[in-house]
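Worksheet: one structure, shown below.
The values are calculated or read from the model by the stated rules, or taken from the named source; none is laboratory data. Quantities reported herein were computed from a predicted structural model and do not represent experimental measurements. Neighbour counts run over all protein chains shown; Cβ positions are idealised from the backbone, glycine included.
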Amino acid sequence: MFHHVLIPLLAAVFLAINMGGTSISPAFSAAYGSNVIRKSMIPGLFGIMVFIGAMVAGKATSATLGKDLIPVAYLSWELVTIILGTVGITLFIANLLGVPQSNVQTTVFAISAPAVYFHQFNSHKVFFEIVPTWFIAPILSFVICYLFGKFVYTPIRKKGYLTFGQLSQHPAVKAIIIIMSSYVAFSIGANNVANAVGPIASMMSHELKLPFDGDGFSIIMVLTTLVVAPNFAIGASILGSKGLENTGKGIFLFGPFEAIIISFVTASILLISSVTRGIPTSLIQLNAGAIIGLGVARMGAKNIFRKTSLNKFFVVWAIAPVISFGLSLTLTWLADYLGFL
C-alpha cells in the first residue's frame, strides 16, 4: 500500500515543480516586466499565494480532474503515475524551451488518453464544457484588455495625465501591482494545483472506499495539497527564469498601469472558471491574450505578431497537448499489455 501512494505522489511532486516553472510567468511577468519587484523575491511570494489559493478555492477543479474525465475506478496508482508523469515530462520540455505552457491542457489530454483507451472518454465534458472555455476565456481576456488599451489607456496617456516614469516608482502603485500578481498566484492555486491533487485524491479515496463528495475526500485533498503545493515555489525558482524573461520582456515592455489591468483581468477570469464551474483553464493563455490585447492597442497587430517569442509560444501550445496525449496513450497501452493495469 505504501508504494501505491509514494510513487504517484513523487510523480505529483515532479509535476508541481514543473508547473511552478511554467506558472510563475503569467503570475509575475507583468510585475517583472514593469520593474516593480526583484526577480529573487518572486518565487517565495508566488509559492505562498499558490498554496493559499489551493487550500481555499481548489476543490471544484480537483473534482473535475479527479472524477469527471475518467471514472474513479480506473485511477489505479499505476495509471495515476502515468498521467502525472506524462504531464510532468511535457512541461519539463516546455520549461527547457523557455515557453510557458498550459498545465491544464496537458493534464486534460493526459487524462483523456487512458479514458479513450478504456472507452470511458467523457466527450460531453471535454468538448462542450472544457475545450470551449479554452477558446472563449483567452479571447475574452484579449478583448477586455484591447478595449481598455484602446479607449481608456491610450487616450489618458496621450493627454499626459500619466507620467509613467514617476508613476512606476510610486510606492502605492508598486504595492497594487504586487497585490495583483499575488492575486494571479492565488488563482493559479485554485485552478492548477488540482492537476496533481485531483487524480491522487480520487485514487486514494477509491482505494480507501471513501465517498468522493464526503469529508474523507476533502481531508485527503488537503493533505495532498500540503505536499504538492509548496513545490510550485521550488519549480518557480529552478525553472521559471527563462519563461519569466520571455513573457515579461519578450513581447513588449509594460508600464505599471498595464501590469495592473493584465493581472486583474487574467486572475479574475481564471478564478471565476475555477470556483463557479470547476473548469481547468489555461492562465498562460489568458495572460498572453491580455498582453497581446494591450500590445495591439498600443503598437498595432503587425508589430506584436512579428515577435519571434510570440510565434514560438503558439507552436509549443499547439504541439505540447498532442505530445501529452500520445505519450499517455502509449504508456497506458504498454502498461496494460504488460499486465500492470
Out of (1) crowded, with 24+ Cβ neighbours inside 10 Å; (2) farther than 27 Å from Lys242 by Cβ, what's the single condition that is false for Leu84?
(2)
Modelled with pLDDT under 85 and out of contact with any helix residue (DSSP H, G or I) (no Cβ under 7 Å at 6 or more places or on another chain) - does that describe any residue in the stretch 260-277?
no
What are the pairs, 6+ residues apart or on separate chains, where a residue within the stretch 108-133 that is more than 19 Å from Leu91 (Cβ to Cβ) has its Cβ under 7 Å from a residue that is among the polar types (S, T, N, Q) and modelled with pLDDT under 95?
Ala115/Asn122; Thr133/Ser273; Thr133/Thr281
May I ask you to list the residues in the stretch 46-88 that are in contact with a Phe, Trp or Tyr (Cβ under 8 Å, 6 or more places away or on another chain) and within 14 Å of Ala27 (Cβ to Cβ)?
Phe46, Gly47, Met49, Val50, Phe51, Ile52, Gly53
Selection from the stretch 28-40 of residues that are among the hydroxyl-bearing types (Ser, Thr, Tyr) and part of a loop (DSSP other than H, G, I, E, B):
Ser34
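Based on what the data block shows, is Gly21 part of a helix (DSSP H, G or I) and buried (at least 24 other Cβ atoms within 10 Å of the Cβ)? Reasoning before the result, please.
Values: part of a helix (DSSP H, G or I): yes; buried (at least 24 other Cβ atoms within 10 Å of the Cβ): yes.
In short, yes.
Considering only residues that are assigned to a helix (DSSP H, G or I) and without any contact (Cβ under 8 Å) to a residue 24 or more places away in the chain, look in the stretch 182-217 and name the one that is nearest to the chain's Cα centre (by Cα).
My answer is Phe217.
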Select from the stretch 119-163 the residues that are of a type in the set (S, T, N, Q) and farther than 23 Å from Gln285 by Cβ and write down the one among them that is modelled with the lowest pLDDT.
Thr163
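Return the only residue of Ile52, Ile7, Ile37 being under 14 Å from Ile188 (Cα atoms) and surrounded by fewer than 24 Cβ atoms within 10 Å (Cβ to Cβ).
Values: Ile7 fails: under 14 Å from Ile188 (Cα atoms); Ile37 fails: under 14 Å from Ile188 (Cα atoms).
Of Ile52, Ile7, Ile37, the one residue that is under 14 Å from Ile188 (Cα atoms) and surrounded by fewer than 24 Cβ atoms within 10 Å (Cβ to Cβ) is Ile52.
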Going through the stretch 41-98 in order, the residues found to be of a type outside the set (Ser, Thr, Tyr) and outside any helix (DSSP H, G or I) are Gly58, Leu69, Ile70, Pro71, Leu75, Gly98
Residues being buried (at least 22 other Cβ atoms within 10 Å of the Cβ) and out of contact with any Leu (no Cβ under 6 Å at 6 or more places or on another chain): count how many of those fall in the stretch 257-270.
6
